[in-house]
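Asks: Dropping the structure in here first, questions after.
The values are calculated or read from the model by the stated rules, or taken from the named source; none is laboratory data. What you see is a predicted model; the values in this text were computed from it and never measured. Glycine gets a Cβ as well: all are built from the backbone with ideal geometry, and neighbour counts include every protein chain shown. Please note that ligands, DNA and RNA were not included when accessible areas were found on the heavy atoms of the full protein model with its side chains. Shrake-Rupley method; radii C 1.70, N 1.55, O 1.52, S 1.80 Å.
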Amino acid sequence: MRIDIFTLFPEMFDGPFSQSIVKRARDKGIVSLFIHNFRDYATDKHKTVDDYSYGGGPGMVLKPEPLFDAVEAIRREHGGEEELVSTVLLSPQGRLFRQKTALELARKEHLVLICGHYEGVDERVREHLVSDELSIGDYVLSGGEIAAMVVVDAVVRVLPGALGSAESAIDESHAAGLLEYPQYTRPPVFRGWSVPEVLLSGNHQEILRWRRRESLRRTREMRPDLIKEAILSQEEVSSLEAVGGLGSAESMVE
Ligand code: ADE
């Protein structure tokens, strides 16, 4: 996969992309990452990338020309089939980025990420340049850079071969629409706090059942909104209903 990121602050990406799983995926050739400063595409001598908002109001707006020129130059050089390229604007107005969005983007060959800044981005960028707009959560960051790092990290780690054989994306939180079950390692007793007996029992069937139950309990407590979309067995729906954990029986039954 190729990922091009357009930003006014390229140095911000140095650390996160040269560590851990993203670094390893780059080293293995699973992903190629390119960071571009779209100020380089401004044509006037002051390298202007923003201007006042038509109609008035505080704050500056990112101009369309440098962004269109920058993104179109990369597309011309590295164009692919349209359905295998995604051009994404990161902004608090976008659709919410979730694990399933990461899996969706991981199927593309080429991602182009645009980091917004200042008060906003000229609406024509939204209308005519990008194919998608993503937000990483309901809060406002100073710019799209940290959001782009989040998206890249979540996408790269689900690319085939990015995780080592000891790591797995299958069991983790959100993979099946639920939060992950509690995990323990040695020692079996730490400061008087014991590891649940069942995990030391060696009974795989029981361990699987316990983990599933804990996963459901944790999701119900921390993220009841996820329970509504999770795929549950009829028995699980009944037991959640018994403790009042299912708002309305909207969950899908296997
Ligand atoms: N830019 C500013 N806030 C953002 C957010 N929550 N998600 C994505 N991009 C952003």
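Asks: So which residues in region 12-55 are part of a loop (DSSP other than H, G, I, E, B), of a type in the set (Lys, Arg) and under 25 Å from GLY120 (Cα atoms)?
Replies: The answer is LYS45, LYS47.
Asks: Any idea which of ARG76, ARG124 is open to solvent by 100 Å² or more (accessible area, probe 1.4 Å), touching a residue at least 60 places away in the same chain (Cβ under 8 Å), away from the ligand (no atom under 16 Å from the Cβ) and more than 19 Å from the chain's Cα centre (by Cα)? Break it down stepwise before answering.
Replies: On the way: ARG76 fails: touching a residue at least 60 places away in the same chain (Cβ under 8 Å).
From the options ARG76, ARG124, the qualifying one is ARG124.
Asks: Within region 22-64, which residues are more than 25 Å from ILE3 (Cα to Cα) and among the basic types (Lys, Arg)?
Replies: Matches in region 22-64: LYS45 only.
Asks: For the list (1) farther than 21 Å from ALA102 by Cα; (2) crowded, with 17+ Cβ neighbours inside 10 Å; (3) within 16 Å of the ligand (Cβ to nearest atom), I need the number of the one condition that LEU232 fails.
Replies: Among (1) farther than 21 Å from ALA102 by Cα; (2) crowded, with 17+ Cβ neighbours inside 10 Å; (3) within 16 Å of the ligand (Cβ to nearest atom), the lone unmet condition for LEU232 is (3).
Asks: When you look at SER32, is it in contact with a Lys or Arg (Cβ under 8 Å, 6 or more places away or on another chain), modelled with pLDDT of 95 or more and surrounded by fewer than 17 Cβ atoms within 10 Å (Cβ to Cβ), yes or no? Steps first, answer last, please.
Replies: Working: in contact with a Lys or Arg (Cβ under 8 Å, 6 or more places away or on another chain): yes; modelled with pLDDT of 95 or more: yes; surrounded by fewer than 17 Cβ atoms within 10 Å (Cβ to Cβ): yes.
Against the criterion (in contact with a Lys or Arg (Cβ under 8 Å, 6 or more places away or on another chain), modelled with pLDDT of 95 or more and surrounded by fewer than 17 Cβ atoms within 10 Å (Cβ to Cβ)), SER32 qualifies.
Asks: If THR101 satisfies every condition in (1) open to solvent by less than 30 Å² (accessible area, probe 1.4 Å); (2) in contact with a helix residue (DSSP H, G or I) (Cβ under 7 Å, 6 or more places away or on another chain) but one, which is the exception?
Replies: THR101 satisfies every listed condition except (2).
Asks: Looking only at helices (runs of 4 or more DSSP H) that fall completely inside region 139-228, which ones have 1 or more residues that are acidic (Asp, Glu) and within 16 Å of the ligand (Cβ to nearest atom)? Quick ask: steps written out before the conclusion?
Replies: Details: elements: 145-156, 197-200, 204-222, 224-227.
Passing ranges, in order: 145-156.
Asks: Something else: Condition check: over 30 Å from ARG107 (Cα atoms) and open to solvent by less than 70 Å² (accessible area, probe 1.4 Å). Does GLY244 satisfy that?
Replies: yes
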